[in-house]
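Colleague: Below is the structure I would like to discuss, written out as structure tokens.
Throughout, read-outs are computed from the coordinates displayed, never taken from laboratory work. This is a predicted model, so every value here is computed, not measured. Don't worry about glycine lacking a Cβ; one is built from the backbone with ideal geometry, like all the others, and counts go over all protein chains shown.
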Amino acid sequence: MLLRGSSFGVELPEAWSEVDSAQGMAVAVGDHSDVGLTPTLVLRESRLSDPAPDALAALSQANIVAAAEEVPGYQLVHIEAIPDPDSPVGERRRSWAFLPVELDDGLVMTVTALQVLCLAGDCVAEVTVTLPPVEPDALTTVFDCLDSLSLLPVETRRQPATVSDPGAVRLDEWVTARDGKPRELLPLPPSPMDIPLTDAVVIDEDSFAHLQGYAKRGEFLRRLKKMKGAALEEAGVIDSNADLTEFGERLVKFIQSGDAWTCDMVTAQRHAKFYAYGRGTTSLIAYSAESAGKYHLGFCPTNEISRCLLRWTGTTAAWPMTFDRSVSGHDFEELLSNQSELPGDEGDFAEFCRQPWAYAAVEDDLTHEGFSWVTTPTRGGAFLEFEAHRGKVERATLVRSPEAPVWQLISLSALSLSLGHGMSGAIYE
């Protein structure tokens, strides 16, 4: 079925149907999902008051900034330029974002928002598909739908009534020079502290270590009264008699029996840890933040844990890069300590090295399987593999490919590990 707008149309996936249309907008929905969310497609159209050569970049940047300001928890994770011979600028934008949505029963779910933005003359089309969590393979029909966006036949085409004026664009000068086309500057990642948790408390590092130790060994917490009981009592974990409170019992239950995994992050300034304990639809998270020696503990829907880990590690959207580069263990340590360029490097890897690096590694507590990566504030991440001899790193290989986005493996792994499926539950090469 073709969903028609004024100037553009888009082929809907099978079983989707149009439910509403208004000036400048058409809406379609898919089947109601088992998790309580109906997939939705929105086609919006407008025309530019002044179609400039950088209009696509300006529109894309305006959309991203507006979403970040208006939608709490919005996180852009992927953006790319797709060739489009029918566009005056020769390409269209495709982006991928996560955002939390509160369902009718009060539960919060991270949904996926896929968007395509294209130009034809002075006409603008924007298609946004909002979906519940799905495996990447299940997105094939959705991408086919987005790719079908095109102008209607001339005889049925009407000029959109709405006028767009995105304003001036701030360009990413390096990517613009590399690609020879305007590339908008993407927003900086959100603060690592901006992780939404319920029943959140802050305790010192020693108290959290004692809580972990006693919970994992199943021992009574009374001895904590003499050690770090004051901090745990203040946080509501134990009472004045050093007995577990209801909240404390819930914490201990998650630490004892939750599907557990950790993430270590190392920068030039600090070493931080992220602990996750999944029990079905809910997970306990404990992470160290910028306040040294402190851990933030709280609960979140397991569906939200991927977004939480991306925020904590500062892994966000970046323009695609391609490299496969091996460096010595010494050079890796130098690059991690302070950004610099290696002799003879140029192009994408040289630009990647100019950014501050953060090393991160995820590991399943049960099987000790995992993976590691390096992430940067503005150029995204790269997969990392080590060659070691007698415990010393001799070589480090960094790989970046548009076909295997780092954020996607992070997201899939965090969810799979929290559901007890291990690394085998994540789809990755």
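Colleague: May I ask you to list the GluC sites (Glu not before Pro) in the stretch 355-412 that are in a DSSP loop and have at most 11 other Cβ atoms within 10 Å of their Cβ?
Modeller: Numbers: sites: E363, E369, E385, E387, E394, E403; in loops: E369, E403.
For GluC sites (Glu not before Pro) across the stretch 355-412 that sit outside H, G, I, E and B with at most 11 neighbouring Cβ atoms in 10 Å, the list reads E403.
Colleague: Over what distance in Å are the Cα centres of the stretch 347-391 and the stretch 138-171 separated?
Modeller: 37
Colleague: In addition: Between V65 and R217, what's the calculated FRET efficiency when r is the beta-carbon distance and R0 is 45 Å? Round to 0.05.
Modeller: On the way: r = 50 Å, r/R0 = 1.10.
The computed FRET efficiency comes out at 0.35.
Colleague: At a Förster radius of 41 Å, what calculated FRET efficiency corresponds to the Cβ-Cβ distance of L188 and L152, to the nearest 0.05? It would help to have the intermediate numbers written out before the result.
Modeller: Values: r = 39 Å, r/R0 = 0.95.
Approximately 0.60, to the nearest 0.05.
Colleague: Give me a comma-separated list of calculated 3J(HN,Hα) values for the stretch 55-68, in order, Karplus coefficients 6.51, -1.76, 1.60 applied at θ = phi - 60°, integers in Hz, x for any Gly or Pro.
Modeller: Those phi angles translate into 4, 4, 4, 5, 5, 4, 5, 4, 4, 5, 4, 5, 5, 4 Hz.
Colleague: Need the full-extension length gain, M1 to D239, defined as separation in residues times 0.36 nm minus the C-alpha distance. One decimal, nm. Display every interim value, and only then the final one.
Modeller: Values: separation 238, 0.36 × 238 = 85.68 nm, distance 6.22 nm.
So the extension gain works out to 79.5 nm.
Colleague: Through the Karplus equation 6.51 cos²θ - 1.76 cosθ + 1.60, θ set to phi - 60°, convert the phi angles of the stretch 139-151 into ³J(HN,Hα) values in whole Hz; use x for Gly and Pro.
Modeller: These are the phi-based 3J(HN,Hα) values: 8, 4, 5, 5, 5, 4, 4, 5, 5, 7, 4, 7, 5 Hz.
Colleague: Cα-based Rg of the chain per 2.2 N^0.38 Å, rounded to two decimals? Could the numbers behind the result be given before it?
Modeller: Working: Rg = 24.0 Å, N = 429, 2.2 N^0.38 = 22.0 Å.
Ratio of Cα Rg to 2.2 N^0.38 Å: 1.09.
Colleague: May I pose another question? For labels at D104 and T322 in the simple 7 Å Cα→Cβ model, what's the distance in nm?
Modeller: Here the answer is 4.8 nm between the modelled labels.
Colleague: Report the gain in length on full extension from R395 to E14: 0.36 nm times residue separation, minus Cα-Cα distance, nm rounded to one decimal.
Modeller: That works out to 132.2 nm of additional length.
Colleague: Could I ask something else about it? Run through the stretch 8-71 and list the GluC sites (Glu not before Pro) located in a DSSP loop whose Cβ has at most 11 other Cβ atoms within 10 Å. Show your work: numbers first, answer last.
Modeller: Working: sites: E11, E14, E18, E45, E69, E70; in loops: E14.
Hits after loop and neighbour filter: E14.
Colleague: Also, quick follow-up: As a footprinting exposure proxy, order T281, T198 by other Cβ within 10 Å, with the fewest listed first. Intermediate results must be reported in sequence, preceding the final value.
Modeller: Values: T281 13, T198 10.
With the fewest neighbours first, T281, T198 line up as T198, T281.
Colleague: Here is a follow-up. Rounded to a whole number, what is D in µm²/s for the stretch 1-68 from Stokes-Einstein with the Kirkwood radius over alpha-carbon pairs (4 °C, 1.567 mPa s)?
Modeller: Numbers: Rh = 14.0 Å.
Roughly 93 µm²/s, to the nearest whole number.
Colleague: Now for a different question. At 0.36 nm per residue, minus the direct Cα-Cα distance, what do D179 and T162 gain on full extension? Give it in nm, one decimal, please. Show your work: numbers first, answer last.
Modeller: On the way: separation 17, 0.36 × 17 = 6.12 nm, distance 3.12 nm.
Working it through step by step, the gained length comes to 3.0 nm.
Colleague: Alpha carbon centre of the stretch 76-135 versus the stretch 255-294: separation in Å?
Modeller: Value for the Cα centre distance between the two parts: 30 Å.
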